[in-house]
Amino acid sequence: MKELLIVLALLMPCSALAQTETVIYNFLINPPGPLNPQSDLIFDQAGNLYGASYYGGEFGYGTVFQLVPASGGAWTLNTLHQFVGYPDDGNFPANGLTIDEKGNLYGTTWAGGTGNYGTVFEVSPQSDGQWTESLAYYFSGGGIPRGGAVLYKGSLFGTTTYGGANGVGTVFKLSPSTEGNWTATVIYNLTGSDGGEPYAGLVADKAGNLYGTTSNGGANFGGTVFEVSPTSAGGWNGRVLHAFGGVGLEGGAIYGNLAIDKSGNLYGTTYYGGKFGYGTVFELMRGSNGRWTGKTIHNFTGGSDGANPYAGPTLDSAGNVYGTAVNGGLGPSYGTVFELIPNGEVWTERTVYQFATNDNDGINPYGGVVFDPAGNIYGTTSRGGTENLGTVFKIVP
């Protein structure tokens, strides 16, 4: 593995809406490192950022990267792994990473592996400061995991967009052995009527129930939110919590992960539909009788607030909902960072930042946002920046 170490000084901040936005890293074609990230970022306990880039690296199949804060506000880039692609490695990681207590990183690629149907990978730190990658699992005869993997009680859980008994996707579990191998089990086969072709990963509540989304299918063909729950006999049961209405007022096509609040309520985004056709943010509230009630808490207008949210939302400690929209803002295809603030039953939208093409700013944020302990916001853009190959940005409240 070839490691790239690049130290960048902070670039000139771009204009923001009552915020200060700074591009802390511009992805560059030379030397061959990460390019065009579409994933969320995560922090470790030391304050380092980690992400995956869809393209880039020596082979062009994507990377796993680390950004380390340096003195004076600069950041050091380490390319931890460059994907080699089919058949010995994965290629094209399109979602975020998961980190365990030892600092190991887990993620998925939607292609590569022996069958070229995607992989689950692990990237681990070594005592000499290097990182090594291994495949926890590669899919065959279908599969294609477009969503990331969630770690719960030592096992990895995720979804495949295709494959399974009905060809429209699965929920899988990877269990580790003492020898370091992983055993894969399909714990639920989607049917289409309960949703199909999930693009996102899963979230788990304290009881071990898993929640996911589908990009289509369901009663109204606009996608669903579903739950998969463990049974006392060791099996799993699935059910639909809400079916979306396609191009109707509720929106449709869910591509991002859900977020879960302290009360167990779920939040997510739809890429299309809603009142203006540019997507929505929704809330699903858990009732005492086990039933769920859904409502749209924001309809994107396609203007200053943005359009087409692809990533799922992020909640802050106060219960405010943050996220990104791929398009809209200062132009039809630039994108925004938004905040939704609850006040009783009413939610108020505030546009935190509108991306532009000036001052080497990024555009088209496909990933969501993450907070540092000070409340600063970080994320990626898939385009824009110095060479139009994407950026990592920071927004200071």
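The numbers here are math on the coordinates, done by the rules we state, and not lab data. Keep in mind that what you see is a predicted model, and the values were worked out from it rather than measured. Here Cβ is always computed from backbone atoms with ideal geometry, including for glycine, and neighbour counts include all displayed protein chains.
Brief remarks on what is shown
- Computed over segment 140-203, relative contact order equals 35 percent, with contacts defined as Cα pairs under 8 Å that lie 6+ residues apart.
- Computing FRET efficiency as 1/(1 + (r/R0)^6) for Gln126 and Leu249, where r is the C-beta to C-beta distance and R0 is 41 Å, gives about 0.20.
- Placing unit charges on each Cβ (+1 for Lys and Arg, -1 for Asp and Glu) gives the chain a dipole about its Cα centre, and among Thr296, Leu28, Pro176 the Cα reaching farthest toward its positive end belongs to Thr296.
- For segment 328-335, backbone phi angles converted through the Karplus equation (6.51, -1.76, 1.60; θ = phi - 60°) give residue-by-residue couplings of x, x, 6, x, x, 9, 9, x Hz, Gly and Pro being listed as x.
- Cα coordinate range in the chain, projected on the principal axes (Å, largest first): 54, 52, 31
- Between Asn376 and Gln19, the modelled label-to-label distance comes to 1.4 nm, taking each label 7 Å out from Cα in the direction of the beta carbon.
- Computed over neighbours whose Cβ is under 15 Å from that of Gly385, the net charge equals -2, Lys and Arg +1, Asp and Glu -1.
- For Lys153, the aspartates and glutamates whose Cα falls under 15 Å of its own Cα, not counting residues fewer than eight places away in the same chain, are Asp100, Glu101, Asp205.
- Taking 0.36 nm per residue of sequence separation and removing the Cα-Cα distance, the Asp205/Ile29 pair yields an extension gain of 59.3 nm.
- Set Lys262/Lys295; Lys173/Lys275; Lys173/Lys394; Lys102/Lys206; Lys206/Lys275; Lys206/Lys295 screened for pairs whose C-alpha atoms are more than 30 Å apart: Lys173/Lys275; Lys173/Lys394; Lys206/Lys275
- Considering only beta bridges that DSSP places wholly inside segment 92-206, some 95 percent are antiparallel.
- Charge dipole (debye, nearest 20) of segment 5-396; +1 at Cβ of Lys and Arg, -1 at Cβ of Asp and Glu: 780 debye
- Percentage relative contact order, the chain, counting C-alpha pairs under 8 Å, at least six apart: 13 percent
- Charge dipole (the chain, unit charges on Cβ, about Cα centre) - positive-most of Asn209, Gly192, Ala52: Gly192
- Three semi-axes of the equivalent ellipsoid, segment 165-233, Cα gyration tensor, whole Å, largest first: 24, 14, 11
- Near Ile254: Cβ cut-off under 14 Å, other residues only, Lys/Arg at +1 and Asp/Glu at -1. The net charge is -3.
- Between Asn181 and Ser317, the simple label model (points 7 Å from Cα in the Cβ direction) yields a spacing of 4.5 nm.
- Here the extension length gained between Ser193 and Lys153 equals 11.4 nm, from 0.36 nm per residue of separation less the Cα-Cα distance.
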